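The values are calculated or read from the model by the stated rules, or taken from the named source; none is laboratory data. All of these numbers come straight from a predicted model, not from anything done at the bench. Here Cβ is always computed from backbone atoms with ideal geometry, including for glycine, and neighbour counts include all displayed protein chains. For the accessible areas, the whole protein counts, side chains as well, though only heavy atoms, and no ligand, DNA or RNA atoms are used. Shrake-Rupley method; radii C 1.70, N 1.55, O 1.52, S 1.80 Å.
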Amino acid sequence: MRIAMIGTGYVGLVSGVCFSDFGHDVICVDKAEAKIQMLQDGKVPIYEPGLDVLMAKNVAAGRLSFTTDLANAVKGADAVFIAVGTPTRRGDGHADLTYVMAAAEEIAHAMDGYTVVVTKSTVPVGTNRKVQEVVAAANPKADFDVASNPEFLREGAAIDDFMRPDRVVVGVENDRAAEVMAEIYRPLYLRDFPILTTDLESAEMIKYAANAFLATKITFINEIAGLCERVGGDVKEVARGIGLDGRIGNKFLHAGPGYGGSCFPKDTAALARIGQEHAFPMQITETVMRVNDEVKKRMIAKIREACDDSFNGKTVAVLGVTFKPNTDDMRDAPSLTIVPALIGGGAKVRVVDPQGRSEGEALLPGVEWVEDPYAAAKDADAVVLLTEWNEFRALNLMQMAAGMKSPRMVDLRNIYSRDKVKKSGFESYVGVGR
């Protein structure tokens, strides 16, 4: 199959590379000349483990290429995927569809035969029908169908998620489009991965419902963690106890500083907005959003208490600022709420993150970036574990404590045990829900 992928952001680039590894001929398109030049030079503009190797392999095989020329990429394509950004619109929380509709119009003018226009971007319910209207209006003679194909990629594990998915969701209106999508995903059909074919609206809703549910699960265990601290429970034991229930499961039950990233904050806000527009408030989702903000504030209070109730004049080492490990993504990361509060309170903040500096320098002004966690902690009043990178899971705690002014640890990911930390020379340890 010949595929054009419009947009080389996280979703578009990972999807395009993986489709080419399926054996398809893929052209990835982006208006950003610098990004396309970087890709043509073999450099990956995002951090995703294994993506650089897979990309190089398929470029070398002649199945993958990059261009700024949308018209030529679309000509002769069996399917054109729209994978452009849908950021939260200022003022109302809705997804901004400006880029999606602009791409749809450009695609319409370039099509020269039957084409399935596939929305890969996360979009509100009803968007695919609007895409259909835009394409038909721009090119009344176009022979096309639309399809909804939401992504379910976890940053840091995206390639495995694409190649071994829990499910693939395809929303179509007729058999003709369904056959094209089935051929595109044929390698997964052959290996019996679940492929759910449904209508457009259901496919769109599945994406939002899935992310809202996972955000709810995270927020639920974070709220339970707060109660555990009051009653003397251990949230790790509670999470294990409920996670063993097959109806609940153990995933997304790790207490921490709140969810962030490119999907959950944006998609919960969009789902809440969709509910408001249809006079059916998403009350659980709206509460999840509010509680998640409160969780982040509670983390700030924990750190302040560990610093004798004042940040002023204190030095704090923060380990990890990306929203999760194995990514350079800073979007809605808890660090963007927590670190400015430390600085605003008068603290000197040193930050260590294996991949976060490229984005973090602009987003976290006033911090000192340090490569080594021990150097960051030297003469510090507290060390805060904010992102659970593997590099921070096996620290020499005795060495770290020995170099600190006042060895105190605030472990917002519950990586370590209180006993181990105290035995290593730390005078205090603060976890979450313990």
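Remarks
- Each residue in the range 72-96 was checked for being surrounded by fewer than 22 Cβ atoms within 10 Å (Cβ to Cβ) and part of a loop (DSSP other than H, G, I, E, B), and 12 of them qualify.
- The range 162-192, residues that are modelled with pLDDT under 95 and surrounded by 12 or more Cβ atoms within 10 Å (Cβ to Cβ): TYR189
- The range 279-336: number of residues that are polar (S, T, N, Q), closer than 14 Å to PRO265 by Cα and surrounded by fewer than 19 Cβ atoms within 10 Å (Cβ to Cβ): 1
- Pairs where the first residue, in the range 284-297, is more than 9 Å from ALA272 (Cα to Cα) and the second is open to solvent by less than 20 Å² (accessible area, probe 1.4 Å) and part of a helix (DSSP H, G or I), C-beta under 6 Å, 6+ apart: VAL288/ALA215; VAL288/THR219; MET289/THR268; VAL291/THR219; ASN292/THR219; VAL295/ASN222
- Conditions (1) within 21 Å of ARG176 (Cβ to Cβ); (2) exposed (fewer than 15 other Cβ atoms within 10 Å of the Cβ); number of the one not met by HIS109: (1)
- In the range 11-33, the residues that are in a helix (DSSP H, G or I), over 16 Å from VAL44 (Cα atoms) and open to solvent by 10 Å² or more (accessible area, probe 1.4 Å): ASP21
- Failed item, numbered, when THR8 is tested on (1) open to solvent by 10 Å² or more (accessible area, probe 1.4 Å); (2) in a loop (DSSP other than H, G, I, E, B): (1)
- Look at the range 214-240: where a residue is within 12 Å of VAL295 (Cβ to Cβ) and a partner is crowded, with 23+ Cβ neighbours inside 10 Å and aromatic (Phe, Trp, Tyr), sitting 6+ places away or on another chain with Cβ atoms under 6 Å, you get ALA215/TYR259; ALA215/PHE264; ILE218/TYR259.
- Test result for PHE392, under 21 Å from ASN326 (Cβ atoms) and buried (at least 21 other Cβ atoms within 10 Å of the Cβ): yes
- Hits in the range 350-375 (condition: surrounded by fewer than 12 Cβ atoms within 10 Å (Cβ to Cβ) and free of Cβ contacts under 8 Å to residues at least 12 places away in the same chain): ALA362, PRO365
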